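Input: a single structure, listed below in structure tokens.
The values are calculated or read from the model by the stated rules, or taken from the named source; none is laboratory data. A quick note: this is a predicted structure, and the numbers were derived from the prediction, not measured. Note that each Cβ is placed from the backbone with ideal geometry, even for glycine, and that neighbours are counted across all protein chains shown.
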Amino acid sequence: MSPPAAMYEPATNGSTTATIPTAKMATMPHTTSVPVGGATKPQTIEEMAGKWSDFRFNPIRESQVSRAMTRRYFTDLDRYAESDIVIVGAGSCGLSTAYVLAKARPDLKIAIIEAGVAPGGGAWLGGQLFSAMVMRKPADAFLRELGIPYEDEGPDANFVVVKHAALFTSTVLSKVLQFPNVKLFNATAVEDLITRTDSAGNIRLAGVVTNWTLVSMHHDDQSCMDPNTINAPIIISTTGHDGPFGAFSAKRLVSMKHDNLPTLGGMRGLDMNTAEDAIVKGTREIAPGLIIGGMELSEVDGANRMGPTFGAMALSGVKAAEEALKVFEQRRAECAEPESKGVKVGA
Ligand code: AHZ
């Protein structure tokens, strides 16, 4: 089933003065509705054909383009400063998580923070830069859910093949971005976690600390570039295995050196058979408010890697969404604590 079409709605909480004209909706042949402005009937590609000598774009002033982008971005920053769920990392696991969550709970505000300019992590190619993406059964169920075509060599085959990994990633990405309750902040890095200490002295999460990735990469040679924050009762971290931008939350928890936080197991060598089952089964809330999925989990649990077979990333995403929804109400209640001190949260 296709997700609902994305529609832009101006913020209504009074915290911004931005007013964006209500968009008229035009129904396109591919069943997605896109906003169009003005009273003129939208042209079709067929109507343009062969008339290029008279062709002209509608006139524009540069500031209109600037305002069209910046109003929306700053309205989103305002809206998602209090999110319900933050997903860190938009690789194959993070995007699968976002798809399942956004479809199951259209009422939740889901922010995805991706350090790279291009979302998708390592899922634009199969192994060693080859095109095809292998998924072991029964992860083919996720491909059917998304409507992604694949080759199946028969009932005895234990895997299916998507002809190009980019077909998987572009499809799940486009479906995720069409959900009106999802915002992807790319080129943005999570550089710390917001934490609270409960009455028993245990640490739980209350959000993430963000910065432009390019700024995060220059803390050593530029001074005082303080970050921004997003509060949320649930963080789902899917930042991949250790690397320059990998296993972020797992490593940060360990560096906090607190009794209720896990230690690092360290990813083990490659064993497809054990690795994929372990990642899916182990996807869980590892500290109050923090769910870890995908290959980041191998660093926590000391699980094997699986190399170029992606079924575990999709199904770890399905499980991460399930785990999040199990504890969401409880974590939201815990996270709302400052309200009693006169601070309104969740707006
Ligand atoms: O840019 C990273 C990537 O897109 C992003 N990321 C990492 N740290 C971040 C941070 N803030 C924001 N601090 C951050 N974003 O997280 C994404 C991780 O995607 P991935 O494809 O590396 O991880 P995955 O767990 O979704 O998929 C792993 C795929 C692998 S690795 C592997 C092996 O090595 O054996 N096998 C498979 C299937």
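Restricted to the stretch 218-274, the set of strands (runs of 3 or more DSSP E) holding at least 3 residues that are polar (S, T, N, Q) and touching a residue at least 12 places away in the same chain (Cβ under 8 Å) comprises 228-231. Take the residues in the stretch 203-250 that are within 28 Å of Glu334 (Cα to Cα) and surrounded by fewer than 16 Cβ atoms within 10 Å (Cβ to Cβ), then tell me which one is farthest from the ligand (Cβ to nearest atom). The residue in question is Asp226. Among the residues of the stretch 290-306, those identified as closer than 15 Å to Gly121 by Cβ and in a loop (DSSP other than H, G, I, E, B) are Gly293, Gly294, Met295, Met306. Of all the residues in the stretch 154-170, those that are within 14 Å of the ligand (Cβ to nearest atom) and in contact with a helix residue (DSSP H, G or I) (Cβ under 9 Å, 6 or more places away or on another chain) number 5.
The set of residues from the stretch 176-191 being part of a strand (DSSP E or B) and more than 15 Å from the ligand (Cβ to nearest atom) comprises just one member, Val182. When the stretch 93-126 is filtered for residues that are on the phi > 0 side of the Ramachandran plot and among the acidic types (Asp, Glu), nothing remains.
Checked against (1) within 13 Å of the ligand (Cβ to nearest atom); (2) part of a strand (DSSP E or B); (3) more than 30 Å from Met225 (Cα to Cα), Leu173 passes all but a single condition, namely (2). Within the option set Gly122, Gly154, Gly116, being in a loop (DSSP other than H, G, I, E, B) and free of Cβ contacts under 8 Å to residues at least 12 places away in the same chain holds for one residue only, Gly154. Could we say that Pro42 is outside any loop (DSSP other than H, G, I, E, B), at pLDDT below 95 and either more than 30 Å from Met313 (Cβ to Cβ) or among the small types (Gly, Ala, Ser) (or both) here? No: the conditions fail for Pro42. The lone criterion from (1) surrounded by 19 or more Cβ atoms within 10 Å (Cβ to Cβ); (2) more than 18 Å from Phe310 (Cβ to Cβ); (3) over 20 Å from the mean Cα position of the chain (by Cα) left unmet by Ala278 is number (2).
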